[in-house]
2 protein chains.
Amino acid sequence: MKQIESIKESGGYLNRYEHDSTTCHCKMSFSVYLPPQAETKKVPALYWLSGLTCTDDNARTKAGMQRYAAEHGVAVIFPDTSPRGEDVPDEIDRYDLGQGAGFYLNATQSPWKKHYRMYDYVTRELPQLVESGLPILTGVKSISGHSMGGHGALICALKNPRSYRSVSAFSPICNPLECGWGKGCFGAYLGGDSQTWKAYDATLLIKEGAKFSDILIDQGTDDEFYDEGQLLPESLQAVCNAVSQPLTLRMQEGYDHSYHFIASFIGEHIAYHAAALNT
Amino acid sequence: MKQIESIKESGGYLNRYEHDSTTCHCKMSFSVYLPPQAETKKVPALYWLSGLTCTDDNARTKAGMQRYAAEHGVAVIFPDTSPRGEDVPDEIDRYDLGQGAGFYLNATQSPWKKHYRMYDYVTRELPQLVESGLPILTGVKSISGHSMGGHGALICALKNPRSYRSVSAFSPICNPLECGWGKGCFGAYLGGDSQTWKAYDATLLIKEGAKFSDILIDQGTDDEFYDEGQLLPESLQAVCNAVSQPLTLRMQEGYDHSYHFIASFIGEHIAYHAAALNT
């Protein structure tokens, strides 16, 4: 793990690292915001998973969360959204499959299965890496994300409820098996048997018995991808109601799918996670 | 003036407009953040001038000021940094001259003088436009900016002390006649007689008698352009000391020239301007 950039922000440091990932079998980059408190003690961490087409750079540049992380003494880990590199398969004509579109799952099909293992990367390799190499508390972590990354946050938390203190999401893909993005990609990554897809669908995970203490979701009502039926928060709400899974789904009037929406509510999300992480 | 985009953020709206500028003789775009208070009353405005290579988009995306503007009930006006378009002269091999590099002055030399009139645009045409077409109070305005835009904010305020309630800057070019950027551009825009350049140099304006109630400047100590001698805050400090012009110059340890630096302190700047605007 090699530090390749460091920028002071809000009293802490926004650093970028690269390393040879044993999970994804390629060089991976990620960013970490270390709040000022990390200079004198280990701090808890929030993992932020970004959406389609993003790298680790989008959220750290546009979401405006570093100031809140500094206020609450929480580190933020920004992984990339897929494996990268010339040796990594891609579909250059598609933004929703291949590089920038890992969907936070472990692919089982060729040509994807060697590198596209973002689920293991985010839940296992990356935490071990940052907890061993940076002033970050072992095992005290929460997770959030946007769109495809909101989907990633939900499945990581639901599949590992003891590993995360809290979970939230902005505009998440709640039920990928029923939307165009999921239908168009899960088959490529996971093969034709849609039974295997259910392990990466938050709505279906809850239907099959997965539980988490609480789930916070913000969804804008003027979100074009919500209108297209890509996000389906109502499906998640229905299944949570059916099995009494706590869900705070806030339909935010007039907001779209952009980082301007995230920036509007990220302070509340950071405070929500900090309350779980700092107890 | 035609609205071409509207995005909800922090309870208000981030809008983009375009219009045919009678000052710059071309189509100009700009953005305005209208805080939620603007739905029921006219609000004061902060003009934000961006730096070299920027458009109106950079600060609205990366500086994170909308949430503070919403909190304080202040509109933020984001002009472009130069005239634009195929008919507008440019130096495509240079980032510091031509489009994206208007230096907030009125050019007097060919081929620049027809379009490059950003000083008049920012101080006259744009305020008239937004005050007549949007819920923005007439004549209740402040100004701030970054780098070339910090220079712009300082000269606009110093040359029009009754027009602005307050002025601040991040990493401003304080003394363009003595730095590479100014020496390399002012001649092109203003001609060989450097006496005419003094009208657009904050340090020299103060030396020649310009006054403003107070000036707030944040400058990072790890700013590469500060190290290169492009910014020269010490020159401004020296002349302010000599003529008893109030100046709060904060050398911020370890910060660079980026938007991460701006994001770290923009909340304090918005509060500073809001205090002047809301009295």
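The values are calculated or read from the model by the stated rules, or taken from the named source; none is laboratory data. All values derive from a computational prediction rather than experimental measurement. For neighbour counting, all protein chains shown are included, and Cβ atoms are generated from backbone atoms with ideal geometry for every residue, glycine included. These area figures cover heavy atoms from the full protein model, side chains too; ligands, DNA and RNA do not enter into them. Shrake-Rupley method; radii C 1.70, N 1.55, O 1.52, S 1.80 Å.
All told, B:Gly267 falls short of being outside any helix (DSSP H, G or I), within 14 Å of chain A (Cβ to nearest Cβ) and open to solvent by less than 30 Å² (accessible area, probe 1.4 Å). For B:Gly191, the requirement of being at positive phi and within 14 Å of chain A (Cβ to nearest Cβ) is not met.
All conditions but one from (1) open to solvent by 50 Å² or more (accessible area, probe 1.4 Å); (2) under 21 Å from B:Phe103 (Cα atoms) apply to B:Gly184; the one that does not is (1). Among the residues of region A:85-106, those that are part of a loop (DSSP other than H, G, I, E, B), at negative phi and within 17 Å of the chain's Cα centre (by Cα) comprise A:Asp96, A:Leu97, A:Gln99, A:Gly102, A:Leu105.
Selection of region B:64-96 for residues being surrounded by fewer than 23 Cβ atoms within 10 Å (Cβ to Cβ), in contact (Cβ under 8 Å) with a residue 24 or more places away in the chain and aliphatic (A, V, I, L, M) yields B:Ala70, B:Val88. Kindly indicate the residue of region B:220-233 that is surrounded by fewer than 20 Cβ atoms within 10 Å (Cβ to Cβ) and of a type in the set (D, E, K, R) and also farthest from B:Gly182 (Cα to Cα) among those meeting that condition. Filtering first and then ranking leaves B:Asp222. For region A:1-47, which residues satisfy the criterion of being β-branched (Val, Ile, Thr), in a loop (DSSP other than H, G, I, E, B) and farther than 27 Å from A:Cys156 by Cα? Hit for region A:1-47 is A:Thr40, nothing else.
For region B:108-117, the count of residues that are open to solvent by 20 Å² or more (accessible area, probe 1.4 Å) and under 25 Å from B:Leu232 (Cβ atoms) is at least one. Restricting to region B:234-259, and then to whatever is open to solvent by less than 20 Å² (accessible area, probe 1.4 Å) and part of a helix (DSSP H, G or I), can you tell me which residue is farthest from the other protein chains (Cβ to nearest Cβ)? Filtering first and then ranking leaves B:Val239. Among the residues of region B:168-194, those identified as among the hydrophobic types (A, V, I, L, M, F, W, C) and in a helix (DSSP H, G or I) are B:Leu177, B:Trp181, B:Cys185, B:Phe186, B:Ala188, B:Leu190. Taking the stated definitions as given, is A:Tyr121 open to solvent by less than 10 Å² (accessible area, probe 1.4 Å), part of a loop (DSSP other than H, G, I, E, B) and in contact (Cβ under 8 Å) with a residue 60 or more places away in the chain? No, not satisfied.
Looking only at residues in region B:1-48 that are among the aromatic types (Phe, Trp, Tyr) and within 14 Å of chain A (Cβ to nearest Cβ), the one that is least open to solvent (accessible area, probe 1.4 Å) is B:Tyr33.
Each row is one residue, and each column tells you yes or no for (1) out of contact with any His (no Cβ under 8 Å at 6 or more places or on another chain); (2) aliphatic (A, V, I, L, M); (3) within 14 Å of chain B (Cβ to nearest Cβ).
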| site | (1), (2), (3) |
| --- | --- |
| A:Ala69 | yes, yes, yes |
| A:Ala75 | yes, yes, no |
| A:Thr81 | yes, no, no |
| A:Arg84 | yes, no, no |
| A:Tyr95 | yes, no, no |
| A:Phe103 | no, no, no |
| A:Lys113 | yes, no, no |
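For region B:51-58, does any single residue satisfy the condition of being closer than 27 Å to A:Gly64 by Cα and within 13 Å of chain A (Cβ to nearest Cβ)? Scanning region B:51-58 turns up at least one residue that is closer than 27 Å to A:Gly64 by Cα and within 13 Å of chain A (Cβ to nearest Cβ). Scanning region A:127-155 for residues that are crowded, with 24+ Cβ neighbours inside 10 Å, part of a helix (DSSP H, G or I) and not small (Gly, Ala, Ser) yields A:Met148, A:His151, A:Leu154, A:Ile155.
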